[in-house]
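See below for the structure under consideration.
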Amino acid sequence: GEDEDKRSIGISEVRELLNWMSLKPYEGNNKAAVLLSAERLTTEAANAMLKLLEEPPQGSYLVLLTEHFRLMLSTIRSRCMLIKLKPMPQEKIKQALKAKGLDSAEASFLARKSEGSLHRAEELHEQGLRESRNALVDVYLNKGIQPLFGDWSKLKRSELIEGLRELRSWLRDALVLA
């Protein structure tokens, strides 16, 4: 669907990258490109990248970032060096968010929910997580858990994952308070 197209990285974007990577660096001897959410590459786009990964132009570096390594095509995974990054400490995320103007309570809340990712904390802030979570808690306390998620089969994958994260968080909180 249209949402899926917006979230995927297609052949046209990869062709632009391939063209850019083939050009000589403007300054210096090296150039680098970073591809965010590389798991979003369509099969066609991933296949177009294989030659670049196998034989990058001299002095060129391509960094593929993903939180979901196993979702990438095996042909791409096999040509990459895996470097696992540790989650960012909550305190550092909190300080970074406060530096962007968030109050201390909001920054602390988002840092806890971010699972060690400043980018995720910023996305959660943009989505208004704190306000929506408070609304969800009100519904839960008044009507139970079923109305929170309704028909799970109608949710997008990202919505389902976020719902499950929230459910996990609530269950963890309930166990701590019990």
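The values are calculated or read from the model by the stated rules, or taken from the named source; none is laboratory data. Small disclaimer: the values here were computed from a predicted structure and weren't measured. Every residue, glycine among them, receives a Cβ derived from its backbone with ideal geometry; neighbour counts consider all protein chains shown. These accessible areas exclude ligands, DNA and RNA; they are computed on the full protein's heavy atoms, side chains included. Shrake-Rupley method; radii C 1.70, N 1.55, O 1.52, S 1.80 Å.
Take Arg120 and decide whether it is under 17 Å from Ser169 (Cβ atoms) and open to solvent by 80 Å² or more (accessible area, probe 1.4 Å). When the stated conditions are applied, Arg120 does not pass them. In summary, Pro57 fulfils each of the numbered conditions (1) surrounded by fewer than 12 Cβ atoms within 10 Å (Cβ to Cβ); (2) in a loop (DSSP other than H, G, I, E, B); (3) not aliphatic (A, V, I, L, M) with the single exception of condition (1). On inspection, Ser158 qualifies as hydroxyl-bearing (Ser, Thr, Tyr), modelled with pLDDT of 75 or more, closer than 30 Å to Leu50 by Cα and assigned to a helix (DSSP H, G or I). A single member of Arg70, Arg112, Arg7, Arg40 is open to solvent by 60 Å² or more (accessible area, probe 1.4 Å), under 30 Å from Gly128 (Cα atoms) and in contact with a strand residue (DSSP E or B) (Cβ under 8 Å, 6 or more places away or on another chain), and it is Arg40. Quick check on the stretch 98-106. Is at least one of its residues among the polar types (S, T, N, Q) and either at positive phi or open to solvent by 30 Å² or more (accessible area, probe 1.4 Å) (or both)? The answer is yes; a qualifying residue exists.
No other residue among Ile83, Ile93 is within 30 Å of Ile9 (Cα to Cα) and touching a helix residue (DSSP H, G or I) at 6+ places or on another chain (Cβ under 6 Å) apart from Ile93. If the condition is being closer than 20 Å to Ile83 by Cα and either out of contact with any helix residue (DSSP H, G or I) (no Cβ under 8 Å at 6 or more places or on another chain) or among the charged types (D, E, K, R) (or both), then the stretch 38-54 contributes Glu39, Arg40, Glu54.
For the stretch 109-132, name all the residues that are assigned to a helix (DSSP H, G or I) and within 30 Å of Ala46 (Cβ to Cβ).
Leu118, His119, Arg120, Ala121, Glu122, Glu123, Leu124, Glu126
Conditions tested, residue by residue: (1) in a helix (DSSP H, G or I); (2) within 30 Å of Ala45 (Cα to Cα); (3) within 18 Å of the chain's Cα centre (by Cα).
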{"position": "Arg79", "(1), (2), (3)": "no, yes, no"}
{"position": "Leu82", "(1), (2), (3)": "no, yes, yes"}
{"position": "Leu85", "(1), (2), (3)": "no, yes, yes"}
{"position": "Lys98", "(1), (2), (3)": "yes, no, no"}
{"position": "Ala107", "(1), (2), (3)": "yes, no, no"}
